[in-house]
Amino acid sequence: MSADESELEEEEDGSTRLRDRARSAFQEQRQQASEGSTRLRDRATTAFQQRRQQAQRAREAIAEQRDVFAGALELDAGNIEPIQLDQRGSEFGFVPDETGRDELAMDFAADRPFVEPADTLVDADPREGVQTRTDPDATDEIAARARSETAADTDFIQGRDLDVEVGPGGVSGIEVADDRRDDVADRTRQELAEDDEFAEPGDFSADVSAQGIERAGLSDQGARRRAGRQFAAETPLREAGPDDVTATDDGFTLDAEAQRRVAARQFEADLEPFGAGELDPSSDIRETGDGFGLAEGPTREVAADQLSDQVGDTVDPADVELEPSDGGFEATFERRRR
């Protein structure tokens with residue numbers, strides 16, 4: 001082998017080794033690149049999964065907080081809206097939607113007399129919370145409704161008699177105005193008298209305070225006056241006053257003197273010999289076991305009148321003899337010869 005051939009072989013071997021080294025380095029780099037790409041894909045996949053898991057946990061936390069918020073307001077969770085409070089989306093607040101607000105307004109009004117849902121405001125702030133209250137612009141309307149409905153349910157009270165206080169929580173006070181209490185008392189007495197044919201307004205007393213009519217009814221003297229009028233209307237008495245009646249467990253009765261007058265007027269009406277007012281209750285009327293009867297003098301007159309009709313001639317009362325009999329008298333007559 002010549003020297004040139006030997007050198008050529010050496011050059012070919014060196015070139016082969018160079019190619020082999022280059023090929024090995026390329027393969028190694030390609031493998032490293034492939035492995036790096038795989039690791040990059042794995043890291044990207046892991047980060048995406050983490051973000052998705054974080055988002056899922058955030059949604060679950062929001063849903064849980066929304067349920068708690070809805071429960072506190074006694075609303076359906078579907079009527080609650082989450083509000084993002086920061087740019088990162090890590091902090092949320094909640095407010096009721098329009099339907100939820102309507103439900104809050106209806107619940108608020110249902111628990112408060114004289115307040116309607118339309119009178120209600122629902123203030124909702126995702127940071128400050130929810131407050132339901134009366135609308136300040138509806139204060140006059142609420143007060144008018146309270147006066148009207150209270151007066152309709154209360155005897156003797158009119159809407160104009162009432163002072164009404166309205167606050168954020170609804171009607172906080174209703175009372176009879178101080179300058180209207182005398183008017184209420186007068187109206188009470190008047191209307192009570194209108195329902196009683198024997199009573200007059202002055203017979204009644206009425207005590208009125210801020211809370212309303214504390215007491216209303218006949219005064220002691222008024223009850224006596226009323227009883228007197230009733231006896232005057234229902235008995236032959238032309239008049240009877242409070243001094244003519246006596247209180248009993250059942251009400252009132254005429255005293256003894258007034259009862260004598262009743263008996264006298266009744267005898268005058270029933271018996272022909274007597275005209276109106278002719279009998280003297282103190283001397284012409286006597287008490288019997290169960291009431292009153294005529295005294296002897298008037299009894300003779302009655303007997304004489306009746307005997308005159310029987311005999312067809314005038315009988316003088318002096319000719320009538322009376323004999324006591326069963327609490328009364330038995331009359332006999334014997335004509336005297338002249």
Tell me, in nm to one decimal, what length is gained between SER90 and THR46 on full extension, where the rule is 0.36 nm per residue of separation less the Cα-Cα distance? 13.7 nm
So if I take the centroid of the Cα atoms in region 85-138 and the same for region 251-301, what is the distance between those two points in Å? 83
Starting from the Cα-Cα distance between GLU116 and ASP178, subtract it from 0.36 nm times their residue separation and give me the gain in nm to one decimal. 19.5 nm
Pull up all non-local amide H partners of LEU121: gap of 5 or more, or a different chain, and H-to-H distance under 5 Å with H placed in the peptide plane. ARG133, THR134, ASP135
Given a Förster distance of 30 Å, report the FRET efficiency between GLU74 and GLU149 from their Cβ-Cβ distance, rounded to the nearest 0.05. 0.65
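No lab work stands behind these numbers, since they all come straight from the coordinates. What you are looking at is a predicted structure, and each value in this text was computed from that prediction instead of being measured. Note: ideal-geometry Cβ built from the backbone for every residue, glycine included; neighbour counts use all protein chains shown.
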